[in-house]
1. Run down A72, A100 and say which single residue is at pLDDT 90 or above, in a helix (DSSP H, G or I), in contact with a helix residue (DSSP H, G or I) (Cβ under 7 Å, 6 or more places away or on another chain) and within 18 Å of P25 (Cα to Cα).
2. Could you tell me whether any residue of the range 145-160 is free of Cβ contacts under 8 Å to residues at least 12 places away in the same chain, within 28 Å of R24 (Cβ to Cβ), of a type in the set (F, W, Y) and in a helix (DSSP H, G or I)?
3. Just to be sure before I move on: is V67 farther than 18 Å from A12 by Cα and assigned to a helix (DSSP H, G or I) in the structure I sent?
4. Taking the range 32-46 on its own, how many of its residues are surrounded by fewer than 22 Cβ atoms within 10 Å (Cβ to Cβ) and either aromatic (F, W, Y) or modelled with pLDDT under 95 (or both)?
5. Looking at (1) over 13 Å from the mean Cα position of the chain (by Cα); (2) at negative phi, find the lone condition where G51 falls short.
6. Can you name the residue in the range 106-160 that is hydroxyl-bearing (S, T, Y) and modelled with pLDDT under 90 and, of all such residues, is surrounded by the fewest Cβ atoms within 10 Å (Cβ to Cβ)?
7. Please identify the pairs in which a residue from the range 19-30 that is modelled with pLDDT of 90 or more has its Cβ atom under 9 Å from the Cβ atom of a residue that is surrounded by 11 or more Cβ atoms within 10 Å (Cβ to Cβ) and not in a helix (DSSP H, G or I), counting only partners at least 6 apart or on another chain.
8. Run F3 past the list (1) part of a helix (DSSP H, G or I); (2) crowded, with 18+ Cβ neighbours inside 10 Å; (3) not acidic (D, E) and report the number of the one that doesn't hold.
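The values are calculated or read from the model by the stated rules, or taken from the named source; none is laboratory data. Fair warning: this is a prediction, and the values are worked out from it, not measured in the lab. All Cβ positions, glycine included, derive from the backbone under ideal geometry; neighbour counts span all protein chains shown.
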Amino acid sequence: MVFEIVQDAFFAAIAAIGFAAISRPPRRAYLFCALLAAVGHSLRYVLMLPGLLETHIVVATTLAAFVVGLLAVLVSPVARVPAETCLYPSLLPMIPGVYAYKTFGGLAMCVFGKEQELYDFYFYQFTYNGIMCVFIIFGMVIGATLPIFMLKRISFQATR
């Protein structure tokens, strides 16, 4: 189990570095992006583990995004960058890509489906995955922005 958690954190860190490279932050921010992504994604993984806590993906993602947002605000003065510089690339590995993919797959099958039973099935797939995708992203937004507003003094310190 520990190996899976470390592996999850490692791959999330690599993804965060790749996402951070797109926006070209200062080099000192890459390490913090990787660490925050590793902590956030592995926390979500641990919260969702079957047999342990079995938290729903929406709740687990919201809590993990809150922790990442809190850590981003706290490390922003150390990294000498705005909290958002480390926060957004760290959240991107938690984007629900499988749900989005299944949403559009279900939509395509609804459009091209001929039988009513298949249409109903694919419409269910489309709506379920679409709603899950929206709520996961909504949870990420709420969880990540709350610490920025809760800790305004620290949050805006790096931009002065």
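1. Among A72, A100, only A72 is at pLDDT 90 or above, in a helix (DSSP H, G or I), in contact with a helix residue (DSSP H, G or I) (Cβ under 7 Å, 6 or more places away or on another chain) and within 18 Å of P25 (Cα to Cα).
2. For the range 145-160, residues free of Cβ contacts under 8 Å to residues at least 12 places away in the same chain, within 28 Å of R24 (Cβ to Cβ), of a type in the set (F, W, Y) and in a helix (DSSP H, G or I): present.
3. Judged against the criteria, V67 is not a match.
4. The qualifying residues number 1.
5. The number of the failed condition is (2).
6. So the first thing to find is which residues in the range 106-160 are hydroxyl-bearing (S, T, Y), and the list is 119, 122, 124, 127-128, 145, 155, 159.
Those still in the list that are modelled with pLDDT under 90 too: 155, 159.
Working: S155: 22, T159: 11.
Residue satisfying both the conditions and the ranking: T159.
7. Here the result reads P25/V81; P26/R80; P26/V81; R28/R80; R28/V81; A29/R80; A29/V81, each pair linking the range 19-30 to a residue that is surrounded by 11 or more Cβ atoms within 10 Å (Cβ to Cβ) and not in a helix (DSSP H, G or I).
8. All conditions are met except number (2).
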